[in-house]
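*Asks:* The structure follows.
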Amino acid sequence: MPLKHYLLTPGPTPVPERVALAMAQPIPHHRAPAFEALFAEVREGLKWIYGTQQDVLTFACSGTGAMEGALVNFLSPGDAILTINGGKFGERWGKIGRAYGLAVEELKVEWGSAVEPRAVEAALRENPKIQAVCVQASESSTGVAHPVREIAAVTAKTGALCVVDAVSALGAMALPMDEWGIDVLLTGSQKALMLPPGLAFAAASEKAWRRAEGAGLPRFYFDWRREREMQRKNQTAFTPAISLVLGLAEVLRWMREMTLPAIYARHDRLARAARAAMEAIGCALFAKAPVVSLTTVLSPGGIDSDKLVKTLKTKYGVTLVGGQDAAKGKIFRIAHLGYFDDLDIVVAVAAIERALADHGWKQEPLGTGVGAAMKVMAEAAG
Ligand SMILES: *Cc1c(COP(=O)(O)O)cnc(C)c1O
């Protein structure tokens with residue numbers, strides 16, 4: 001039999017069967033009442049996950065499109081922004097900002113570490129012209145959770161907006177936008193929201209919408225003000241990704257059945273199990289402030305993590321990802337965001353133990369990591 005395929009990556013993530021089936025429905029026309037009813041339902045569900053009274057806008061694009069929109073709708077040419085760069089996605093804020101002629105100030109953070117809210121506070125004090133602080137709730141390249149709640153508390157005392165990329169965080173952990181005072185919160189469909197790639201979502205606070213009125217950067221497709229006007233009528237300015245919206249409605253129904261606290265508790269449990277497993281087999285964790293969405297692990301004994309990842313794929317059918325840039329060849333990443341449960345972690349850990357043995361890593365007896373993971377999960381189950 002050919003290898004069974006296990007997709008254990010931090011995006012795209014596996015799609016549940018009931019969601020795949022919902023997306024196979026015939027396509028309603030997007031200017032018909034049936035679509036409007038569907039879109040109204042989806043808009044309510046998104047507000048619920050976001051913890052906001054604001055409109056959550058839906059776009060047909062990947063997460064990066066919403067990142068671009070989060071800058072072009074609220075800023076003017078030459079505006080200063082502060083970007084938290086401790087990984088690939090933090091770096092992307094700077095790239096988008098520079099492409100639009102913004103004065104990008106980067107707060108560099110060592111890969112694997114989280115930014116200090118005090119450093120953000122100091123940067124804003126030093127340069128009061130900074131109009132926005134751009135950060136990741138979950139920096140997927142390092143597996144770090146940045147303290148967005150604390151950062152939002154810092155920006156709230158200033159004129160700057162707190163702009164949060166939660167592409168690999170929203171739906172895995174609580175990010176109550178209104179309660180925490182996040183000004184722009186964006187995410188994508190293909191991570192914790194259990195959908196294929198192709199949708200992005202974004203909401204903005206009153207403070208941000210006021211700023212939007214004078215924002216001079218060019219924009220067309222990602223004009224959030226036009227889009228908000230349309231979406232309030234349960235319409236979209238352009239053709240929406242209708243099949244994905246059908247899938248999203250099913251995701252939101254299922255999430256309501258599961259309840260948010262239970263979903264967040266599951267992510268926390270899987271993260272703790274994965275970390276315990278890796279530590280039990282003598283692998284050091286890479287992230288100093290690990291996020292619940294994925295576990296990043298230093299490849300032990302000088303084993304090239306890219307080679308390890310290749311073995312996992314070709315010999316065991318397990319698709320994991322290695323590291324990028326500064327972490328290339330050094331780390332591997334175990335995803336557990338979205339449609340993941342306890343036994344997915346068992347699969348990942350078992351395959352990693354076997355692959356490490358294949359690469360000559362002298363470790364605890366096979367199954368040590370699996371046992372440690374199972375212990376965490378059994379204890380959590382009570
Ligand atoms: C996946 C991801 C994105 C978006 O990437 P796309 O490929 O554009 O969907 C942005 N930020 C983070 C933190 C991500 O994990």
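Values in this text are rule-based calculations from the coordinates and carry no lab data. All of these numbers come straight from a predicted model, not from anything done at the bench. In this analysis, Cβ positions are derived from the backbone assuming ideal geometry, glycine residues included, and neighbour counts consider all displayed protein chains.
*Asks:* Can you work out ³J(HN,Hα) from phi for every residue in region 185-199, in order, using Karplus 6.51 cos²θ - 1.76 cosθ + 1.60 and θ = phi - 60°, giving whole Hz and x for Gly and Pro?
*Replies:* 10, 10, 8, x, 7, 8, 10, 6, 7, 6, 10, x, x, x, 10
*Asks:* Order 329-338, 121-130 from most to least packed using the mean count of other Cβ atoms within 10 Å. Walk me through the numbers before you get to the answer.
*Replies:* On the way: 329-338: 25.3, 121-130: 14.8.
The packing order, highest mean first, is 329-338, 121-130.
*Asks:* Given H placed on each backbone N at 1.01 Å, which residues far from VAL144 in sequence or on other chains put an amide H within less than 5 Å of it?
*Replies:* Amide H to amide H, under 5 Å and 5 or more residues apart or across chains, VAL144 pairs with GLU139, VAL291.
*Asks:* Count the net charge of all other residues whose Cβ sits under 13 Å from the Cβ of TRP111, scoring Lys and Arg as +1 and Asp and Glu as -1.
*Replies:* Numbers: positive: LYS88, LYS108, LYS288, LYS328, LYS330, ARG333; negative: GLU91, GLU110, GLU139, ASP325.
That sum, taken over residues with Cβ under 13 Å, equals +2.
*Asks:* May I ask which of LYS88/LYS330; LYS95/LYS328; LYS191/LYS313; LYS288/LYS375 have a Cα-Cα span longer than 18 Å here?
*Replies:* Values: LYS88/LYS330 15 Å; LYS95/LYS328 20 Å; LYS191/LYS313 20 Å; LYS288/LYS375 23 Å.
As for pairs spanning more than 18 Å Cα to Cα, those are LYS95/LYS328; LYS191/LYS313; LYS288/LYS375.
*Asks:* Of the listed peptides 96-103, 214-221, what is their order by residue-averaged count of other C-beta atoms within 10 Å, with the highest listed first? Intermediate values should be presented prior to the final figure.
*Replies:* Working: 96-103: 17.9, 214-221: 13.0.
Ranking, from highest mean packing down: 96-103, 214-221.
*Asks:* Please enumerate, by chain and number, the lysines with C-alpha under 20 Å from the C-alpha of LYS233, excluding those fewer than 8 residues away in the same chain.
*Replies:* Cα-Cα hits under 20 Å: LYS47.
*Asks:* Also, quick follow-up: From the helices alone, meaning DSSP H stretches of at least four residues, give me the mean residue ellipticity at 222 nm for the chain, per-run term -39500 (n - 2.57), in deg cm²/dmol to the nearest 500. Before the final figure, lay out each step's value.
*Replies:* Details: 14 runs with 165 residues, N = 382.
Only helices count here, giving -13500 deg cm²/dmol.
*Asks:* If amide hydrogens are placed 1.01 Å from N in the peptide plane, which non-local residues have theirs closer than 5 Å to the one on THR83?
*Replies:* GLU105, GLU106, LEU107, CYS134
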